[in-house]
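Notes follow the structure.
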Number of protein chains: 2
Amino acid sequence: MTRAQLFEQIQKKQSFLCVGLDTDLNKIPAHLLDTEDPVFEFNKQIIDATKDLAVAYKPNIAFYEAMGAEGWVSLEKTINYIPKEIFTIADAKRGDIGNTSKLYARAFFEKMDFDSVTVAPYMGSDSVKPFLDFKEKWVILLGVTSNEGGKDFQFLQADGKPLYQHVMAKSKEWGTADNMMYVVGATRPEYLSDIRKTIPDHFLLVPGVGAQGGDLQEVCKYGMNAECGLLINSTRGIIYASNGEDFAEKAREEAKKLQGEMATLVQSI
Amino acid sequence: MTRAQLFEQIQKKQSFLCVGLDTDLNKIPAHLLDTEDPVFEFNKQIIDATKDLAVAYKPNIAFYEAMGAEGWVSLEKTINYIPKEIFTIADAKRGDIGNTSKLYARAFFEKMDFDSVTVAPYMGSDSVKPFLDFKEKWVILLGVTSNEGGKDFQFLQADGKPLYQHVMAKSKEWGTADNMMYVVGATRPEYLSDIRKTIPDHFLLVPGVGAQGGDLQEVCKYGMNAECGLLINSTRGIIYASNGEDFAEKAREEAKKLQGEMATLVQSI
């Protein structure tokens, strides 16, 4: 998917919502457990209930990998079920030496048809570039993560600026705003102004709104750009809004609330 | 596996060789392609040919993931085939927020029975600690990687020392030398003396000997400790020594050469 197509979808749906599909057999409604593939059945119903409100879906790959080969099958069915005009993110946080990163890229871009993969920056350029060789596919590089441990290394000061700024300044030369995005946790909106000085045009994938305590208005105030430039992810607040038979309906209600807030923000661009 | 068991195996086999199982359908001998599961068949024969010479096997997960659910099945068969007294490494370079890292840990430690997983440090403590909750299982954290891009961030100076030293100094508090190791590329042996000042007792997993140009003697001179403290990985030089029908035999010959060099070094401990 191109950046123009993504922005078009944002304007059409008046939304920049990304729904996380972190589907856990221990958390999904009990009545689904008797179906042939409970994980896919859950995802299917969540997608059906939210696909006019969300511009992106983001399965976290760990949830599928934890189920072995079976989980991989559920993931493949899920990615094939998501309508093609919706942006898809394999939240995999991969990264390895060049020839190996290329294989991860094939896994997510060819074997499956994801639009993007999240990638960890520690191993540098040749761990990231192989993902950028695929046309209309994206790398979403970890910048500032929303978790507590994010502080351990990402804020270390080197030559007067924090590590995450080095990561952004250096990596933006590997690709462009048309094939790279960055993860910036919503729990740290105070860094967004500085981040926008380094990467004004790139999309940011922002987890941490909702369950993790991030604030949508704050994030948009400092992070939004002329083409929106934000994908706000919500997972637990939407997909686990209910664990009864009404789970999809409740998921829709929660997604609708966020989309409603977003509509006003999109109109202000 | 415990550290004592690993050292015992090193002494018994007079070897600290780790064989990488980066099994690629495009590189394995053509005659295997007609078998039911060519990847597993290749691994099985490599394991049979080298299991008295190697103390560890390290499948890089990307090679299996690139084949989808099928690859996952080959990986499961491979890990089940490796004799229990041999140390196994899932070279996956995973890492995510706490509850998600826990799922990756389950994937490799429970769903499969790996002894260890390689983990990327960028997301900090809560991305690493969930792996340490499993008894007699190990985290192998990326320290200094052997690839060209390793220089991009790992050597950034913060408070007078490079990032990788911060990673080691901080992370060694999360576990102990009994459940953590570090990846240190053989292409950078000059850093091993400094690394040993920070983590004298931990095992180091050292890729890059052979095809990538690292030197075994140099690595041992600066990196070996009283319990060996090194696992030297070789992949291409062993498993792709021949792509004819004699591939397993040739792999054994190459493994035997390295083990021979290692025997002298183990005796010097």
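FYI, it's all coordinate maths here, none of it is from the lab. Keep in mind that this is a model prediction, so the values were computed, not measured. Positions of Cβ are backbone-derived with ideal geometry, glycine not excepted, and every protein chain shown enters the neighbour counts.
In the stretch A:100-109, which residues are more than 8 Å from chain B (Cβ to nearest Cβ) and in contact (Cβ under 8 Å) with a residue 24 or more places away in the chain? The answer is A:Lys102, A:Ala105, A:Phe109.
When the stretch A:140-166 is limited to residues that are surrounded by fewer than 18 Cβ atoms within 10 Å (Cβ to Cβ) and either touching a Lys or Arg at 6+ places or on another chain (Cβ under 8 Å) or among the charged types (D, E, K, R) (or both), the one that is farthest from A:Val219 (Cα to Cα) turns out to be A:Asp159.
Counting the residues of the stretch A:139-172 that are hydrophobic (A, V, I, L, M, F, W, C), closer than 19 Å to B:Asp96 by Cα and over 21 Å from the mean Cα position of the chain (by Cα) gives 3.
If only residues of the stretch B:135-175 that are small (Gly, Ala, Ser) and under 21 Å from B:Tyr104 (Cβ atoms) are counted, the one that is nearest to the other protein chains (Cβ to nearest Cβ) is B:Ser171. Selection of the stretch B:39-68 for residues being hydrophobic (A, V, I, L, M, F, W, C) and within 14 Å of chain A (Cβ to nearest Cβ) yields B:Val39, B:Phe40, B:Ile61, B:Ala62, B:Phe63, B:Ala66, B:Met67. Where residues in the stretch A:111-124 are out of contact with any Phe, Trp or Tyr (no Cβ under 8 Å at 6 or more places or on another chain) and more than 8 Å from chain B (Cβ to nearest Cβ), which of them is surrounded by the most Cβ atoms within 10 Å (Cβ to Cβ)? Residue satisfying both the conditions and the ranking: A:Thr118.
The helices (runs of 4 or more DSSP H) found entirely in the stretch A:189-269 that carry 2 or more residues being of a type in the set (S, T, N, Q) and touching a helix residue (DSSP H, G or I) at 6+ places or on another chain (Cβ under 8 Å) are A:192-198. Keeping to the stretch B:1-31, report how many residues are buried (at least 19 other Cβ atoms within 10 Å of the Cβ), within 17 Å of B:Ser74 (Cβ to Cβ) and among the aliphatic types (A, V, I, L, M). Here the count works out to 3. Among residues that are touching a residue at least 40 places away in the same chain (Cβ under 8 Å) and assigned to a helix (DSSP H, G or I), A:Lys151 is not included.
Of all the residues in the stretch A:59-93, those that are within 22 Å of A:Thr2 (Cα to Cα), of a type in the set (Lys, Arg) and in contact (Cβ under 8 Å) with a residue 24 or more places away in the chain number 1. Counting only residues that are more than 14 Å from chain A (Cβ to nearest Cβ), touching a residue at least 60 places away in the same chain (Cβ under 8 Å) and farther than 17 Å from B:Ala226 by Cβ, the stretch B:1-38 holds 10 of them. Please work out which residue is farthest from A:Pro130 (Cα to Cα), limiting yourself to the stretch B:66-90 and to residues that are crowded, with 24+ Cβ neighbours inside 10 Å and out of contact with any Asp or Glu (no Cβ under 8 Å at 6 or more places or on another chain). Here the residue is B:Thr78.
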